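Take a look at the structure set out below.
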Amino acid sequence: MLARVWSASIVGIDAVKVGVEVDVSGGLPGIVVLGLPDAAIQEARERVKATLKNAGFAFPMRKIVINLTPADLRKEGPCFDLPISVGILAASEQVSADLLGDYLFLGEVSLDGSLRPVAGVLPIAATAQKMGITGLVVPADNAQEGALVEGLAVYGCKNLSEVTDFLNNPGRYKPVQLDSPVETRHGASLQTADLKDVKGQAHGRRALEIAAAGGHNLIFVGPPGSGKTMLARRLPSILPALSFSEALEVTRIYSVAGLLKNRGSLVRDRPFRSPHHSASGPSLVGGGSFPRPGEISLSHKGLLFLDELTEFKRDVLEFLRQPLEDGFVTISRTKQSVMFPAQFTLVASTNPCPCGYYGDTIQQCTCSPRQREQYWAKLSGPLMDRIDLQVAVNRLKPEEIIQQPTGESSASVRERVQQARDYACGRFKDENLSCNAQMQSRHLQKWCKLDDSSRNLLEGAIRKLGLSARASDRILKVARTIADLAGDDELKAHHVAEAIQYRTIDRMQ
């Protein structure tokens, strides 16, 4: 007999409906899997055979042909174990096939018949809901994750016997309900790193506030021990909370990557990723024969922190240029091309020279001008153009080191950041923008008009620092954020002047 079971395969952060056709007919006993399966699916032949026997079912000693449709789409992963098992049982008339056309099945099977969780259930559930699928049958550990999608009945099963009992007696089972309402899942959790613990560094704290309010890229430059990393790691504590749509999008990415820690709840905190400087280009942007999201996509709607920026390979850093500009990355392979979202804020830190003490007031630099020139050559001009805030961080004075911290807390700074973001969102109500850093040239012409004094100030900076058109646009975006923090509708000369002073590296070259 022939049976068809519906499942799905991940492509990028979306899903494609896959049909699992199982034919049990006469011939020499054996299993053949067609439809571009990967090694994990090929191994399912022996895994499913042992599972059915150990779970108390009769494995048909006949020729079994399994076809995964569409045939030209590559399929991967153990999520097809369950639909293959159900298909074999239905084709051998050991389970009712009446509901197979209405439900989508996902799950990895163990040899004892229990079901193991799989990655990517959330995007698959969203796709199933759009396609009109009645319900989703998944491992119990994935049930809460799938239930995040409204309008879809999700059934969680612990083992293969529960799945077959559901198909034979569906009235005994009820869809999974969320442990708590989705709307209570908003808001960032408390951050352990607080700005109130930072001593001094008023200039760095102000840069953090501007970066958080406008979504601007930021780099700290200073000698060892000056507090660059400490400041950068406190930026998440002043960022506004993720909205529901943003949290759902971030959760889909982490679900596909298999990094969803609390299945059944949305990612509440803005991502903060900090890859080591030995990271490769594909690990940053994503890749693989079956493309998976990289660090920049895992930083979507959050922060990508690159500590010791100049220790990264130059060709690896060049991978960041296009995503920083476009907000997404396209991974192309011979047989497929997928797009991952990558709207992240880049935060970086580095020393001013190889020895680390150029410009330090306490310890003398031992580097030659040629060494410093080669050191900064690791960072290309186009990449630095895309970093809005370039901030010099100096070491604290002895009396500042021993004093108690007296700065503002992250909570109070976050309130101002939220007000500035709300101010900008009111301006962007008819635009697909969420922060000032995403503005394009036409937006600058509309909302960043300059008076004569501001225009002369910016023109002088461009001429003196040799700024590119992109860098000058970045200055206007930062000035717009500074004005938003002050509650001003129009840009003024002091807004532009403050934005210009955040081009530290341009002044160092």
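The values are calculated or read from the model by the stated rules, or taken from the named source; none is laboratory data. Small disclaimer: the values here were computed from a predicted structure and weren't measured. Ideal geometry is used to build each Cβ from the backbone, glycine not excepted, and the neighbour counts take in all protein chains shown. Protein only, heavy atoms only, side chains kept; ligands, DNA and RNA dropped before computing areas. Shrake-Rupley method; radii C 1.70, N 1.55, O 1.52, S 1.80 Å.
For this structure, a couple of remarks:
- Here segment 141-161 is the region considered, the condition is being crowded, with 18+ Cβ neighbours inside 10 Å and in a helix (DSSP H, G or I), and the residue that is farthest from the chain's Cα centre (by Cα) is 160.
- Across segment 252-263, the number of residues qualifying as more than 17 Å from residue 286 (Cα to Cα) and buried (at least 17 other Cβ atoms within 10 Å of the Cβ) comes to 2.
- Of the residues 406, 350, the single one that is β-branched (Val, Ile, Thr) and open to solvent by 40 Å² or more (accessible area, probe 1.4 Å) is 406.
- Only one of the listed residues (461, 486, 497) is among the aliphatic types (A, V, I, L, M) and without any contact (Cβ under 8 Å) to a residue 40 or more places away in the chain. That residue is 486.
- Candidate set from segment 26-50 (those that are in contact with a helix residue (DSSP H, G or I) (Cβ under 9 Å, 6 or more places away or on another chain) and part of a strand (DSSP E or B)); member that is most open to solvent (accessible area, probe 1.4 Å): 32
- Pairs with Cβ under 7 Å, 6+ apart, first in segment 276-291 and more than 14 Å from residue 314 (Cα to Cα), second aromatic (Phe, Trp, Tyr) and open to solvent by 40 Å² or more (accessible area, probe 1.4 Å): 285/319
- Members of segment 370-379 that are part of a loop (DSSP other than H, G, I, E, B) and either acidic (Asp, Glu) or buried (at least 16 other Cβ atoms within 10 Å of the Cβ) (or both): 379
- Test: residue in segment 7-23 that is on the phi < 0 side of the Ramachandran plot, crowded, with 20+ Cβ neighbours inside 10 Å and either among the hydroxyl-bearing types (Ser, Thr, Tyr) or in contact with a Cys (Cβ under 7 Å, 6 or more places away or on another chain) (or both): yes
- Restricting segment 99-120 to residues that are on the phi < 0 side of the Ramachandran plot and without any contact (Cβ under 8 Å) to a residue 60 or more places away in the chain leaves a set whose member that is most open to solvent (accessible area, probe 1.4 Å) is 116.
- Evaluated against (1) in a loop (DSSP other than H, G, I, E, B); (2) within 35 Å of the chain's Cα centre (by Cα); (3) surrounded by fewer than 15 Cβ atoms within 10 Å (Cβ to Cβ), residue 382 falls short on exactly one condition, (1).
- Scanning segment 237-247 for residues that are more than 14 Å from the chain's Cα centre (by Cα) and closer than 28 Å to residue 196 by Cβ gives 237, 238, 239, 240, 241, 243.
- Criterion (in contact with a helix residue (DSSP H, G or I) (Cβ under 8 Å, 6 or more places away or on another chain), modelled with pLDDT of 95 or more and within 28 Å of residue 256 (Cα to Cα)) met by exactly one of 218, 160, 148, 152: 160
- Residue within segment 321-337 that is closer than 30 Å to residue 38 by Cβ, of a type in the set (A, V, I, L, M) and surrounded by 15 or more Cβ atoms within 10 Å (Cβ to Cβ) present: yes
- Inspection of segment 346-365 finds a residue satisfying the criterion of being touching a residue at least 60 places away in the same chain (Cβ under 8 Å), of a type outside the set (Asp, Glu) and over 30 Å from residue 398 (Cα atoms).
- Matching entry among 17, 53 (being among the basic types (Lys, Arg), farther than 19 Å from residue 161 by Cα and either assigned to a helix (DSSP H, G or I) or under 27 Å from the mean Cα position of the chain (by Cα) (or both)): 17
- Residue selection: residue 81 fails the criterion of being within 21 Å of residue 125 (Cα to Cα), in contact with a Gly (Cβ under 8 Å, 6 or more places away or on another chain), open to solvent by 30 Å² or more (accessible area, probe 1.4 Å) and not basic (Lys, Arg).
- Cβ-Cβ distances below 8 Å connect the following pairs, each with a first residue in segment 44-66 that is farther than 20 Å from residue 28 by Cβ, a second residue that is exposed (fewer than 15 other Cβ atoms within 10 Å of the Cβ), and a separation of six or more residues or different chains: 47/111; 51/111; 51/112; 54/111; 54/112; 55/112; 55/161; 56/161.
- Segment 205-218: number of residues that are assigned to a helix (DSSP H, G or I) and in contact with a strand residue (DSSP E or B) (Cβ under 6 Å, 6 or more places away or on another chain): 2
- Near pairs, Cβ below 9 angstrom, 6+ apart or cross-chain, from segment 214-232 (free of Cβ contacts under 8 Å to residues at least 24 places away in the same chain) to any residue that is surrounded by fewer than 24 Cβ atoms within 10 Å (Cβ to Cβ) and among the aliphatic types (A, V, I, L, M): none
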